[in-house]
């Protein structure tokens, strides 16, 4: 599943929508991989990262990318991620 969230979008609305979609798709034997630009910086945004990870853990999904995915000038971020099964 590919997702994209604009940086200015309502994060809680995104999180609730993502949870609803995963709930609809979820089956015990389904191997789900979520990838995309979720605009949550895994290097600095601790609060939103914890909220997203709490939802994903409900489905036994974990963030796989834990390194910078974007470098621009003096700034590095990790906003593009892949979630998969542990």
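Only one entry in 83, 51 is in contact with a helix residue (DSSP H, G or I) (Cβ under 7 Å, 6 or more places away or on another chain) and modelled with pLDDT under 80, namely 83.
Say we look at segment 3-12 and pick out the residues that are over 10 Å from the mean Cα position of the chain (by Cα) and closer than 21 Å to residue 65 by Cβ; which of these is surrounded by the most Cβ atoms within 10 Å (Cβ to Cβ)? Talk me through it step by step, then tell me what you get.
Keep residues of segment 3-12 that are over 10 Å from the mean Cα position of the chain (by Cα), which gives 6-12.
Adding the requirement that they be closer than 21 Å to residue 65 by Cβ leaves 6-7, 9, 11.
Values: 6: 9, 7: 11, 9: 12, 11: 18.
That would be 11.
Residues of segment 55-75 that are within 19 Å of residue 4 (Cα to Cα) and touching a helix residue (DSSP H, G or I) at 6+ places or on another chain (Cβ under 9 Å): 55, 56, 61, 62, 63. Is there a residue in segment 43-53 that is under 12 Å from the mean Cα position of the chain (by Cα) and surrounded by fewer than 12 Cβ atoms within 10 Å (Cβ to Cβ)? The answer is yes, given that some residue of segment 43-53 is under 12 Å from the mean Cα position of the chain (by Cα) and surrounded by fewer than 12 Cβ atoms within 10 Å (Cβ to Cβ). Pairing residues of segment 51-76 that are assigned to a loop (DSSP other than H, G, I, E, B) with residues that are surrounded by 16 or more Cβ atoms within 10 Å (Cβ to Cβ) and modelled with pLDDT of 80 or more, at Cβ distances under 6 Å and at least 6 apart in sequence or on separate chains, gives 59/22.
Give the residues of segment 13-42 that are in a loop (DSSP other than H, G, I, E, B), more than 10 Å from the chain's Cα centre (by Cα) and either in contact (Cβ under 8 Å) with a residue 40 or more places away in the chain or under 15 Å from residue 3 (Cα atoms) (or both), sorted by residue number. Listed by number, the residues that qualify are 31, 32, 33.
The values are calculated or read from the model by the stated rules, or taken from the named source; none is laboratory data. Since we're looking at a predicted model, the values are computed, not measured. All Cβ positions, glycine included, derive from the backbone under ideal geometry; neighbour counts span all protein chains shown.
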